[in-house]
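Heads up, the thing below is written out as structure tokens.
The values are calculated or read from the model by the stated rules, or taken from the named source; none is laboratory data. Since this is a predicted model, take the numbers as computed values, not measurements. Here the Cβ is made from the backbone with ideal geometry for all residues, glycine too, and neighbour counts use every protein chain on show.
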Amino acid sequence: MKHAPTDLKSLLASSLREKPGSYIVEEILNRFPTFAELVDITEQELLAIEGIGKVRARQIVATLKLSQIISAPTPSVKTIKSPMDVYKLLEPEFRHLKQEQFICLFLNTKNGVIGKETISIGSLNASIVHPREVFRPAIKRSSASIICAHNHPSGNPDPSPEDVEITKRLVDSGNIIGIDMLDHIVVGNYNFVSLKERGLM
């Protein structure tokens, strides 16, 4: 079992203005001993620990989410040449999530990544992932093209009918605006599916 790293204990202690060996810090790490468990912790679970109120619970959750971002390996991919490049770039961000997140990469004319934005969090549907929410930041960045990606917390990356429907709407919208949608990647547990490669867009 991989236990929480010492720097995470220090981060918690500093955020809570507690000593690293304090009751609250130790109790959190005893109940949630792995990094994966810590980053999925909820306010309700923290409120069950003596000495933690609503304000502290929110503070701890925010601190842990920040530590997840900081601890993720820095992707080396800067230019997208294949669906695997997208997977390598985004998999560390998707790895511990229990909710679906829909992310867009904004590319220049040479397929270099010039920006990234989370468009929605939660189960995908056409009202949440609306073309205007995708292409507004693309236009703002003067993007030549975009690539979209989202995770399946179940671990199975096979696209759902909703995934295919949303993809086709975005492709059509991009054609009207003049910004190509190059691919839609669905990320599962250590694997992925490219809708373009599957002929679904």
Next item on the list: Tell me which of these residue 118 doesn't satisfy, since it passes every other one: (1) more than 20 Å from residue 82 (Cβ to Cβ); (2) assigned to a loop (DSSP other than H, G, I, E, B).
Entry: (2)
Check: Could we say that residue 89 is outside any loop (DSSP other than H, G, I, E, B) and at pLDDT 90 or above here?
Finding: yes
Checklist line | Counted residues, region 61-86 - those being at pLDDT 90 or above, crowded, with 16+ Cβ neighbours inside 10 Å and in a helix (DSSP H, G or I) | finding: 3
Notebook entry, point to check: Quick one: in region 92-115, which of the residues that are more than 18 Å from residue 171 (Cα to Cα) and part of a strand (DSSP E or B) is nearest to the chain's Cα centre (by Cα)?
Noted result: 101
Note to self: Cβ-Cβ under 7 Å, sequence separation 6+ or interchain: first residue in region 44-64 and closer than 11 Å to residue 24 by Cα, partner β-branched (Val, Ile, Thr) and surrounded by 11 or more Cβ atoms within 10 Å (Cβ to Cβ). Which pairs?
What the structure shows: 46/52; 46/60; 49/24; 49/28; 51/24; 52/24
Checklist line | Matching residues, region 134-152, being under 17 Å from the mean Cα position of the chain (by Cα) and assigned to a helix (DSSP H, G or I) | finding: 134
Note to self: Report every pair of residues separated by at least 6 positions or lying on different chains whose Cβ atoms are under 6 Å apart, first residue within region 189-201 and touching a residue at least 24 places away in the same chain (Cβ under 8 Å), second part of a strand (DSSP E or B).
What the structure shows: 192/185; 193/186; 194/183; 194/185; 195/184; 196/183
Check: Do the conditions hold for residue 41, that is, is it at pLDDT 80 or above, over 20 Å from residue 184 (Cα atoms), out of contact with any Phe, Trp or Tyr (no Cβ under 9 Å at 6 or more places or on another chain) and not assigned by TED's automatic domain parsing to the domain that holds residue 135?
Finding: no
